Amino acid sequence: MKSITLKHIIASIAVSSGLLMSCDNNLLETFPNDRLSVDVFWTTETDAKLAVNALYTDLDSTNIISWDALTEIAHTNQNFDVQAYVELGTYDGTSSKIYNEWKRAYRGIRATSYFLENVDKVPSGNTALINQLKGEAKVLRAYQYIKLAGLYGSVPLVTTSITIDESRTLQNKPVAEIWDFIDKELNEAAALLPASYPASDNGRVTKGAALGLAARASLYAGRYEKAAAEADLVIKSGVYELYSSYEKLFTYAAENNKEVLFDRQFIKDNYPINVFPLLAPYSQKNSQSTYVPTKSLVDTYETTAGKLITDNASGYNPATPYVNRDPRLKFSIFLEGDILPSGIAFKPAPNSGTADAIGSTYIASTTGFNIKKYVLADDFSNPVNSGINIILLRYAEVLLTYAEAKIELGQIDASVLAAINLVRNGRSDVKQPAVKAASQAEMRNIVRRERTVELAFEGQHLFDIRRWKTAEKVMPGPVYGITYKDASGALKTVEVVAVNKTFDASRHYLWPIPQKERDLNPTLTQNPGW
């Protein structure tokens, strides 16, 4: 059971949220025109704690799942969804998806900058506490800049409160400067933060989270020496380990386990998250199947013998495609015959005659697959009132970051194999055969495949295919779904109607700067091709 901790406090931060928010006329404008006066706030340590708690509400949540739907491994289920325009290539700087991710990030940046400018006004002899709170804010701000640099590239670097007039003259900073700032902030924050907290403070940013995010940012930036070194600090800290069960990792029972470095915390009734309806098959209460997996992802999972299904010696049988496959497939995706939270079997084939049959309704999955992570029977009675935490960074990612960085450096040693193989077979319910040392090109393919299947629907794949420069190869083309037997017994593979994913390498590796921001600030330059 969740105790009354940080997440309960966050659920009741209306006062501190008010002092950290301002109008949305210009998202880069940080002038505090609707905040509580400093004469009545910033007077106690409690004020400082409330203010930093408010910053966590700007973290990502289910939108990280949407990012995977902008790649080849998932699909936005309804073509009229505004997000579908991105995967179809029919978007520009006026698109709401492009603007909303920018808005979310700069809203968080604005709040953290305001906090850092004011927290020293609090009269306190507890230097360690104030430094900890500063460290939390620095990490939360850096997290937003990682996303901005990954999605938009060169963006304004705003670290202080500014006037409206000043906001209209901000300029894009070279992306290398953004990565420099992120790395500096996260390493400074790591020095201010504890390795862990008592249970009453579960969910707060730790030293490990700061270093883990620094490793992620360095990997995104192609700074492999830094990425390996920062990931290695997390590994050698001894604080983190893989959770024993991949199947249970995204359930209530596993919350706050030692694999989780960083998450967005929620709680039923007080601070719920609407994740169940977003992902569950149509037959489940209130479900929307907004984002669905594709055959491209399903086919990436190896057999239990560690072979690709395209390998002639793999033993794969297309008539029984989910037999003897990497267990992470069935733990991540609802497959034919799975028992759903309502207790019924999942039957998505077009000729199944069930509510989940492809084509039975526009809400049913168009691929015949549904995301299983975070869809819990515990939430079935009241799906809109889920309290499951959304994981933003976990130890498996750190291990794979370390391995990938070392591979890119050409330093393929025992530690690289150990990191990859721990992810492949270090849990009680995932025992994929260990990989052996191979050429750099082969090891690169191995670690990329591991990231794809291990971290599916956790918001990493969009950034991965961009930095790998593989998006123009894997993205374009039709979306395929399940293979099933038709009335005559012949095998057929579903092709999603009227969907053709698009990726133009000349411009789609970066999103456009939102037009609304450029209208307010003409000095902002647009990304190439837009």
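The values are calculated or read from the model by the stated rules, or taken from the named source; none is laboratory data. This structure is a prediction, so every number in the text was calculated from the model and none was measured. Virtual Cβ from ideal backbone geometry, glycine too; neighbours counted across all protein chains shown. The accessibility values were calculated without ligands, DNA or RNA, using every heavy atom of the protein model including side chains. Shrake-Rupley method; radii C 1.70, N 1.55, O 1.52, S 1.80 Å.
Of all the residues in the stretch 331-351, those that are open to solvent by 40 Å² or more (accessible area, probe 1.4 Å) and in contact (Cβ under 8 Å) with a residue 40 or more places away in the chain number 5. Applying the set (1) more than 28 Å from Arg466 (Cα to Cα); (2) surrounded by fewer than 16 Cβ atoms within 10 Å (Cβ to Cβ); (3) among the charged types (D, E, K, R) to Glu255 leaves exactly one unmet item: (2).
What do you reckon, is Ser287 polar (S, T, N, Q) and open to solvent by 20 Å² or more (accessible area, probe 1.4 Å)? Steps first, please.
Working: polar (S, T, N, Q): yes; open to solvent by 20 Å² or more (accessible area, probe 1.4 Å): no.
Criteria not met by Ser287.
Conditions tested, residue by residue: (1) within 30 Å of Phe346 (Cβ to Cβ); (2) free of Cβ contacts under 8 Å to residues at least 24 places away in the same chain; (3) open to solvent by 20 Å² or more (accessible area, probe 1.4 Å); (4) polar (S, T, N, Q).
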residue	(1), (2), (3), (4)
Gly203	no, no, no, no
Lys207	no, no, yes, no
Glu241	no, no, yes, no
Tyr246	yes, no, no, no
Leu261	no, no, no, no
Ala280	yes, no, no, no
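Annotation note: of Ala190, Ala253, Ala231, the sole residue that is more than 30 Å from Glu517 (Cβ to Cβ), within 24 Å of the chain's Cα centre (by Cα), assigned to a helix (DSSP H, G or I) and free of Cβ contacts under 8 Å to residues at least 12 places away in the same chain is Ala253. Just so you know, in the stretch 139-173 the residues that are under 19 Å from Asp263 (Cβ atoms) and among the basic types (Lys, Arg) include one that is surrounded by the fewest Cβ atoms within 10 Å (Cβ to Cβ), and it is Lys147. Of the candidates Thr94, Thr46, the single residue that is assigned to a loop (DSSP other than H, G, I, E, B), β-branched (Val, Ile, Thr) and open to solvent by 20 Å² or more (accessible area, probe 1.4 Å) is Thr94.
Looking only at the stretch 290-301, count every residue that is in a loop (DSSP other than H, G, I, E, B), of a type in the set (S, T, N, Q) and open to solvent by 10 Å² or more (accessible area, probe 1.4 Å) and tell me the total. Can you show your working first?
So the first thing to find is which residues in the stretch 290-301 are in a loop (DSSP other than H, G, I, E, B), and the list is 290, 294, 299-301.
So of that shortlist, the ones also of a type in the set (S, T, N, Q) come out as 290, 294, 300.
Of the ones still in play, those that are also open to solvent by 10 Å² or more (accessible area, probe 1.4 Å) are 290, 300.
Of the residues in that region, 2 qualify.
Quick check: anything in the stretch 214-222 in a helix (DSSP H, G or I), open to solvent by 10 Å² or more (accessible area, probe 1.4 Å), within 17 Å of Gln460 (Cβ to Cβ) and not aromatic (Phe, Trp, Tyr)? Break it down stepwise before answering.
Within the stretch 214-222, the subset in a helix (DSSP H, G or I) is 214-220.
Keeping just the survivors that are open to solvent by 10 Å² or more (accessible area, probe 1.4 Å) gives 216, 220.
Then keep just the ones that are within 17 Å of Gln460 (Cβ to Cβ); that gives 216, 220.
Add one more test, that the residue is not aromatic (Phe, Trp, Tyr), and what stays is 216.
Yes; the residues of the stretch 214-222 include at least one that is in a helix (DSSP H, G or I), open to solvent by 10 Å² or more (accessible area, probe 1.4 Å), within 17 Å of Gln460 (Cβ to Cβ) and not aromatic (Phe, Trp, Tyr).
The set of residues in the stretch 414-440 being charged (D, E, K, R) and either open to solvent by less than 10 Å² (accessible area, probe 1.4 Å) or farther than 18 Å from Arg325 by Cβ (or both) consists of Arg424, Arg427, Lys436.
Per the listing Glu185, Glu225, Glu230, the residue uniquely acidic (Asp, Glu), open to solvent by 30 Å² or more (accessible area, probe 1.4 Å) and modelled with pLDDT of 95 or more is Glu225. Of all residues in the stretch 504-529, those being surrounded by fewer than 16 Cβ atoms within 10 Å (Cβ to Cβ) and of a type in the set (A, V, I, L, M, F, W, C) number 1.
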